[in-house]
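Written below as structure tokens is the structure these notes are about.
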Amino acid sequence: MALIADAVPAADLRRVLVTKLRHHGDVLLAAPVFSTLQSAAPQCEIDALVYADTAILLEGHPAIARIHTIDRDWKRQGPARQAAAEWALLSALRSRRYDLVVHLSEHKRGAWLVRLLRPRWSVAPRQEASWWRKSFSHLYPRVSHPQRHTVESNLDALRRIGIQPGEDRRVQLVPGAAAEQRVAELLAANGLGERAFVHIHPTSRWLFKCWPAARVAQLADALGERGLRVVFTAAPDAREKAMLGEITAATRAPFVDLSGQLNLKELAALTARARLFVGVDSAPMHIAAAMGTPSVALFGPSGEIEWGPWRTAHRIVVSDAHPCRPCGLDGCGGGKVSECLTTLPVARVLAACDELL
């Protein structure tokens, strides 16, 4: 018996579109939505719509039939080229004739797409605007909640339409054979075996989420004294590489620097082979958790309940001297420096590492 009067009959679903127009970590944490849909409607083809740079995190997911993408650069290519790209996307989506659209953000594009694609059912987070509410057949309470993990908030979209998630709520990420091979070659070239190193990814695109470079270097030295090799990674972004340069210049322990050399699939293959991952609230932390790697995560202005490592052995390190956190600000007073992070002592992070090691 359906517990929701307007539940969507899973047996009637033939094609579903799930949209997540957010950043890398947000997209990865939406992966259980696809798995849950497949379990509820195994006869159904499930597509994804994401930004092009985040699609790599969903490629190879066993529950996804097709991935449609939006390039953030379209709007910089001039009105004619942008219009052509948008029309090609809309035509591709229309050709799929979706029965259900699951929109997992408050992005306005979701409402317009539903109006243009005209699926029988659609679900999105509730907003007050009348045009938004009238665009969807179903609305779920909110897109995020500080006391619930983001994975569960994403699954609320399915709960609202009568599809209850099962016990398997893993975040699935498939590195692929090419990534596995390249990482195996890199590790062999540096004399590293599986589970023989600690993977530290100390940077984020938002530097106010980062622990100071000097303290990262001290942590690497302490791990080195325990006989552990450290592999550093960072995005190719100039600011992130500059921060990692400060770290490696101050580190006395032996290390391998792979900053800017790995795509996200290769990063997943690397962290899957690590004995331990250490990082901040960023996509690489979510990738490590998805690969089942024990993780130490440092949190400052963002909330660890909402964004912490999902379903892997982990330790969270936060300040107990800053009752103002998590504040969601880009540094204290918006000053791009988060004192709740900069004051975290090395000893506490090392103790968290020791517990998992």
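Structure summary
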quantity: Surface accessible to a 1.4 Å probe, per residue, for the residues of segment 1-48, Å²; calculated: 40 Å²
quantity: For Asp71, distant residues with modelled amide H under 5 Å away; calculated: Ala52
quantity: Accessible surface ranking that places the most exposed of Arg229, Arg14, Arg76 first, with a 1.4 angstrom probe; calculated: Arg76, Arg14, Arg229
quantity: Reciprocal mean inverse distance between Cα atoms of the chain - Kirkwood radius, Å; calculated: 21.6 Å
quantity: Rounded to whole Å, sorted largest first: equivalent-ellipsoid semi-axes of segment 35-121, Cα gyration tensor; calculated: 24, 16, 11
quantity: Interchain or long-range residues, amide H under 5 Å from Val280's placed H; calculated: Leu298
quantity: Most to least packed among 37-46, 80-89 [average Cβ atoms within 10 Å]; calculated: 37-46, 80-89
quantity: Charge dipole magnitude, Cβ of K and R +1, D and E -1 - segment 131-186, Cα centre, debye nearest 20; calculated: 500 debye
quantity: Greater than 32 Å apart at Cα, pairs in Lys134/Lys209; Lys20/Lys209; Lys134/Lys336; calculated: Lys134/Lys209; Lys134/Lys336
quantity: Segment 116-199: GluC sites (Glu not before Pro) falling in loop per DSSP and having at most 13 other Cβ within 10 Å; calculated: Glu128, Glu167, Glu194
quantity: Net charge dipole size for segment 297-357 [Lys, Arg +1 and Asp, Glu -1 on Cβ; Debye, nearest 20]; calculated: 60 debye
quantity: Segment 236-345, accessible area per residue, ligands and nucleic acids excluded (1.4 Å, Å²); calculated: 40 Å²
quantity: Nearest 10 degrees, 0 to 90: helix 177-189 Cα axis against the chain principal axis; calculated: 0 degrees
quantity: On Cα atoms only, tilt of 213-225 relative to the major axis of the chain in degrees; calculated: 70 degrees
quantity: Cα-based Kirkwood hydrodynamic radius, segment 182-263, one decimal, Å; calculated: 12.9 Å
quantity: HN-Hα J in Hz across segment 318-335 - Karplus 6.51, -1.76, 1.60, θ = phi - 60°, x for Gly and Pro; calculated: 9, 6, 9, 10, 10, x, 6, 8, x, 9, x, 8, 8, x, 4, x, x, x
quantity: Residues of segment 97-227: accessible area per residue with a 1.4 Å probe, Å²; calculated: 47 Å²
quantity: Per-residue ³J(HN,Hα) for segment 31-47, Karplus 6.51 cos²θ - 1.76 cosθ + 1.60, θ = phi - 60°, Hz, x for Gly and Pro; calculated: 4, x, 5, 5, 5, 5, 4, 5, 5, 6, 9, x, 7, 8, 8, 10, 9
quantity: Sequence-distant residues sharing a close amide H with Arg315 (under 5 Å, placed H); calculated: Ser295, Val296, Ala297
quantity: Given charges at Cβ of Lys, Arg, Asp, Glu: the chain dipole, positive-most of Trp307, Ser153, Ile46; calculated: Ile46
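The values are calculated or read from the model by the stated rules, or taken from the named source; none is laboratory data. Nothing here was measured: the structure is a model prediction, and the numbers come from that model. Using ideal geometry, Cβ is built from the backbone for each residue, glycine included, and neighbour counts are taken over all protein chains shown. Ligands, DNA and RNA are excluded from the accessible area calculation, which covers all protein heavy atoms including side chains. Shrake-Rupley method; radii C 1.70, N 1.55, O 1.52, S 1.80 Å.
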